[in-house]
Amino acid sequence: MYYRVTTLKGKPEMSDKGYALLDENRAKVASLPGVEHIRLFEADEETSVVIACYESQEACETVTPIANEILASLGDMMTAPPVKHVGEVTWEL
């Protein structure tokens, strides 16, 4: 499995709008090939972390343009560029 972890810094007052945009793209994301799951949690009121799991590195790379398009639609809500980390699972429980 392959993961992309993206940290987003945003304006707390824009949270509802951000979730609405994500919900609008739910069907598009759900239909992407090779996506195992995508989770989002709020680390604090200004920081969200997206954890996306893919079948392979190739699947991750294939959907990256669509992920970037969705992130771009959230741009006016962010206070800093997203920070992305990608890699293959090296240990699990």
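What to note about this one:
- Residue list for segment 62-89, filter: over 12 Å from G10 (Cα atoms), modelled with pLDDT under 95 and not hydrophobic (A, V, I, L, M, F, W, C): T62, T64, P65, N68, E69, S73
- Selection over segment 56-93 of residues that are surrounded by 12 or more Cβ atoms within 10 Å (Cβ to Cβ), out of contact with any Phe, Trp or Tyr (no Cβ under 8 Å at 6 or more places or on another chain), of a type in the set (G, A, S) and more than 12 Å from T6 (Cα to Cα) gives a count of 1.
- The residues in segment 42-55 that are more than 14 Å from M1 (Cα to Cα) and not β-branched (V, I, T) can be counted, and the count is 6.
- Every residue from segment 9-30 that is among the small types (G, A, S), at pLDDT below 90 and open to solvent by 50 Å² or more (accessible area, probe 1.4 Å): A30
- Residue check for G18: touching a strand residue (DSSP E or B) at 6+ places or on another chain (Cβ under 8 Å) and at positive phi: no
- Strands (runs of 3 or more DSSP E) completely within the chain that count 1 or more residues being without any contact (Cβ under 8 Å) to a residue 40 or more places away in the chain: 35-44
- Residue within segment 26-36 that is more than 10 Å from the chain's Cα centre (by Cα) and at positive phi present: yes
- Segment 1-38, residues that are of a type in the set (S, T, N, Q) and in contact with a helix residue (DSSP H, G or I) (Cβ under 9 Å, 6 or more places away or on another chain): T6, S15, N25
The values are calculated or read from the model by the stated rules, or taken from the named source; none is laboratory data. Note that the coordinates shown come from a computational prediction; the quantities given were computed from them, not determined experimentally. We place every Cβ from the backbone using ideal geometry, glycine too, and count neighbours over all the protein chains shown. Note: areas computed on protein heavy atoms with side chains; ligands, DNA, RNA excluded. Shrake-Rupley method; radii C 1.70, N 1.55, O 1.52, S 1.80 Å.
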